[in-house]
1. Which one is nearest to the chain's Cα centre (by Cα), of the residues in segment 346-369 that are of a type in the set (D, E, K, R) and open to solvent by less than 50 Å² (accessible area, probe 1.4 Å)?
2. So residue 87 ticks every box in (1) touching a Gly at 6+ places or on another chain (Cβ under 7 Å); (2) surrounded by 14 or more Cβ atoms within 10 Å (Cβ to Cβ); (3) closer than 18 Å to residue 164 by Cα but one. Which box is left unticked?
3. Looking at residue 343 and the list (1) touching a residue at least 40 places away in the same chain (Cβ under 8 Å); (2) open to solvent by 30 Å² or more (accessible area, probe 1.4 Å), which single condition is not satisfied?
4. Checking residue 336 against (1) aliphatic (A, V, I, L, M); (2) touching a helix residue (DSSP H, G or I) at 6+ places or on another chain (Cβ under 8 Å); (3) closer than 26 Å to residue 225 by Cβ, which single condition isn't satisfied?
5. Looking at segment 113-124, is at least one residue more than 19 Å from the chain's Cα centre (by Cα) and within 30 Å of residue 216 (Cα to Cα)?
6. Which count do you get for residues in segment 136-151 that are in contact with a Gly (Cβ under 8 Å, 6 or more places away or on another chain) and open to solvent by less than 50 Å² (accessible area, probe 1.4 Å)?
7. Given the residues 378, 423, 396, which is the only one that is modelled with pLDDT under 90, part of a strand (DSSP E or B) and open to solvent by less than 70 Å² (accessible area, probe 1.4 Å)?
8. Output the strands (runs of 3 or more DSSP E) that fall wholly within segment 257-310 and possess 3 or more residues being loosely packed, with under 13 Cβ neighbours inside 10 Å, or say none.
Amino acid sequence: MSALSLVLILCLAACGSPEGEENGKTPPDPSDSGTLSGAPPAELSADALSGTYWTAVQHESYDDLYDRTNVSRMPTDKWWADLFLYEDGTTQFREVLGDTFNLYLTDGIWSLGANNTLHLTDAGGNADYNLSGRFEDGRLILETAYGDTFYLEKTERPAPGGELCPANLAGTWRMTGLEENGRLSDARENGVASILLFSSLWSDLDGGRYTLQADYYFASSLDTEEPEYRQASDLLLKPLDQPLMDGIPNEVWSAQLLEESTGLELSFTLTDPDTLYLQEHSRRNGSQVVRTAVYEREYSFFPESLQLALYEEPSDSLIFYWTNPPEEVRTPLEAMAVTKLEENGRDKLLLVGRCYETQIQFCTGEGIWDEDGILLDWETDETLYDGTIGMDEPLWFSLTIPEGMPNLCLHMKRSWDDCWYLWPITDAGGYLVNGWTFLSS
């Protein structure tokens, strides 16, 4: 019996493994229970998760059409996802395609439940952003409300600024301050204003991915009779793996916008989700001057009172028209150029395009009216302006609006229209252009 027992023990030692060890893997150290190294035998602790960072290495989704589960390796050069579990109990999960968020849990809260389950909830109460996960073999398996599954692995947390990325730039940014020689001052008090608009664009030329493009508006000498305006449209963003400058919170990345036709180059970065720093380099009196502008995020391009006015207009309006809007409307849009229809005009006219791109002309001349005072046609002497206005695009014009009989008329039409709609420029109220299209002042 003793010999048989000895042989059995030797066989077990040669062929088997101690409890918890499989395929030659080293079992977890019992003293490491409650950490993230492998599948822990005990419950994880919130302390072990606090301050950790996770990167997606695999994605699974079910394809209804072919009745199969698609498995994709991550990250790729176009697609990645990661998760921050911050020490204060807040969280951020982001799935990024190119420079666009596919899924973004912001202002989230994380908590650890029983059986090593992780709960990520949207602080704003939007359940579509909630995620749930579990820890298995050192990985976090995270499931979304849409049935997607991400497999994430713990890795080193990025340096400050890594919790932001170029996708965070999408939206409207308005200049609030200027920093020169270490001194920050109010932008408007310096007679300048600027707006940056970032939007995502799908680019087949860039290997099939979303890229960011920007429209840039800048005005100076606003405290004089002759402001100066600059505008650049459809500028493509170039991410850079370097900080904008020393001493700011973002130590990881910056970006550039370049307009090839003019050589305009803007360098910028985010210091937090709602603050953007932009630098312009120029020469003054023979020496290099660097001006740093501070921009704050705006949640709408239009000021609130203009949003309300647009909302109250009929849905089939052709053009929105506002004569001499109040300062609360003018000031947020003063970075945009003003087209002079006449010298020394006393009035400002704001046009906003509605549902489709519309061709517009301002023409001097004389109206042809019927006996009931209805405008039948317009005899044009001179066309002062000819262009287009896009959907939700604001345009400023300067002129003196006459009382009574008009000598200037706004012509407008869509690409499929055969004739122009006419809008005489007077101090009168709104017009009914036809049975379904309204303009109002």
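The values are calculated or read from the model by the stated rules, or taken from the named source; none is laboratory data. This is a predicted model, so every value here is computed, not measured. Here Cβ is always computed from backbone atoms with ideal geometry, including for glycine, and neighbour counts include all displayed protein chains. Quick note on the areas: whole protein, heavy atoms, side chains included, nothing else; ligands and nucleic acids left out. Shrake-Rupley method; radii C 1.70, N 1.55, O 1.52, S 1.80 Å.
1. In the first step, residues of segment 346-369 are kept if they are of a type in the set (D, E, K, R); the result is 346-348, 354, 357, 366.
After this cut, where a residue has to be open to solvent by less than 50 Å² (accessible area, probe 1.4 Å) as well, the list is 347, 354.
On the way: 347: 34, 354: 22 Å.
Residue satisfying both the conditions and the ranking: 354.
2. Result: residue 87 fails condition (2) only.
3. Only one criterion is unmet by residue 343, namely (1).
4. It fails just one condition, (2).
5. Checking segment 113-124: not a single residue is more than 19 Å from the chain's Cα centre (by Cα) and within 30 Å of residue 216 (Cα to Cα).
6. Number satisfying all stated conditions: 4.
7. Details: 378 fails: modelled with pLDDT under 90; 396 fails: modelled with pLDDT under 90.
Being modelled with pLDDT under 90, part of a strand (DSSP E or B) and open to solvent by less than 70 Å² (accessible area, probe 1.4 Å) holds for just one of 378, 423, 396, which is 423.
8. In segment 257-310, 275-284, 287-298 are the strands (runs of 3 or more DSSP E) which contain 3 or more residues that are loosely packed, with under 13 Cβ neighbours inside 10 Å.
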